[in-house]
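To keep things clear, I will list the structure first and then write my remarks on it.
The values are calculated or read from the model by the stated rules, or taken from the named source; none is laboratory data. Please read these numbers as outputs of a predicted model, since none were measured by experiment. Here the Cβ is made from the backbone with ideal geometry for all residues, glycine too, and neighbour counts use every protein chain on show. Only protein heavy atoms, including side chains, enter the accessible area calculation; ligands, DNA and RNA are left aside. Shrake-Rupley method; radii C 1.70, N 1.55, O 1.52, S 1.80 Å.
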Amino acid sequence: MSKTHDSDLYVLPEMWSTGFATEPIGIAEEESTCKALSWMKETADNYQIAICGSLAISENEIYRNRLYFIDGRKGMVSYYDKHHLFRYGHEDQFYKPGGEHTIIEYMGFRILLLTCYDLRFPLWSRYADNLKYDMIICVANWPESRQNAWQILTRARAIENQAFVVACNRIGDDNYCHYRGQSSIISPIGKTLASCPPDEESSISFLLNLESLVQLRAKFKVLNDRDQW
């Protein structure tokens, strides 16, 4: 797998098998025949781990930017369809947005799934009575030109929701952008626990402690004073 071969959860970037495909025709695959999804399922099963990553999926000529969470230990496949489509890049002209949140329960953690542009919209990811979670996983193709926003927003989502954030971003180039990566794992107080170096194909790992989050929320009860909408 990688130098993080003993990890329980592996996170891959948005549309990890193709790069960000604004126009999905000829690129998106049907779920039943998608080779990348098959690889995710087989690998999760073989190593008894979880794998999370986004793919361009076609459903009867309706396209989705679909973030999969494959739990190899339970043989379960869950997904989240990106809600905020990137209008600036014309993603909304080809893809259909999802309308529901997805929260995964894995190894004691409740995990909220987000994709790239979703990160900019705090109301969508706000911790609430009907949206309780301990961690956000956000996968992305976030370009160098907006790298400062990537670093600020990942920390902001962690702080305001008192949750861990696992943010996975791509590196490299396409016809429009350069991507520096800098995937990070952020603590509930906004501290960077681990981060990939810029412009380098690499992986990071960190052992997250759920009890530390429980203790933080019990001691510093910010979430009790959140606005109710």
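Please go through region 87-97 and pick out each residue that is surrounded by fewer than 20 Cβ atoms within 10 Å (Cβ to Cβ) and within 9 Å of THR22 (Cα to Cα).
Result: GLY89, HIS90, ASP92, GLN93, PHE94.
Quickly run through region 165-186 and pick out the residues that are more than 12 Å from the chain's Cα centre (by Cα), outside any loop (DSSP other than H, G, I, E, B) and either under 27 Å from VAL214 (Cβ atoms) or free of Cβ contacts under 8 Å to residues at least 24 places away in the same chain (or both).
ASP173, GLY181, ILE186 - these are the residues of region 165-186 that are more than 12 Å from the chain's Cα centre (by Cα), outside any loop (DSSP other than H, G, I, E, B) and either under 27 Å from VAL214 (Cβ atoms) or free of Cβ contacts under 8 Å to residues at least 24 places away in the same chain (or both).
Just need a number here: residues in region 111-145 that are in a strand (DSSP E or B) and either loosely packed, with under 15 Cβ neighbours inside 10 Å or within 14 Å of the chain's Cα centre (by Cα) (or both).
Qualifying residue count, region 111-145: 12.
Would you pick out the residues in region 175-221 that are of a type in the set (Gly, Ala, Ser), open to solvent by less than 50 Å² (accessible area, probe 1.4 Å) and under 24 Å from ASP6 (Cα atoms)?
Scanning region 175-221 gives GLY181, SER183, SER184, SER187, ALA194, SER202, SER203.
If I filter region 63-71 for residues that are closer than 25 Å to ASN209 by Cα, of a type outside the set (Val, Ile, Thr) and open to solvent by 20 Å² or more (accessible area, probe 1.4 Å), do I get at least one hit?
no
When the residues of region 187-215 are filtered to those that are in contact with a strand residue (DSSP E or B) (Cβ under 6 Å, 6 or more places away or on another chain) and of a type in the set (Ser, Thr, Tyr), which remaining residue is nearest to TYR133 (Cα to Cα)?
The extreme case among them is SER187.
Just for strands (runs of 3 or more DSSP E) wholly inside region 1-110: which have at least 3 residues that are over 17 Å from ILE137 (Cβ atoms)?
Filter on region 1-110 gives 50-59, 62-71.
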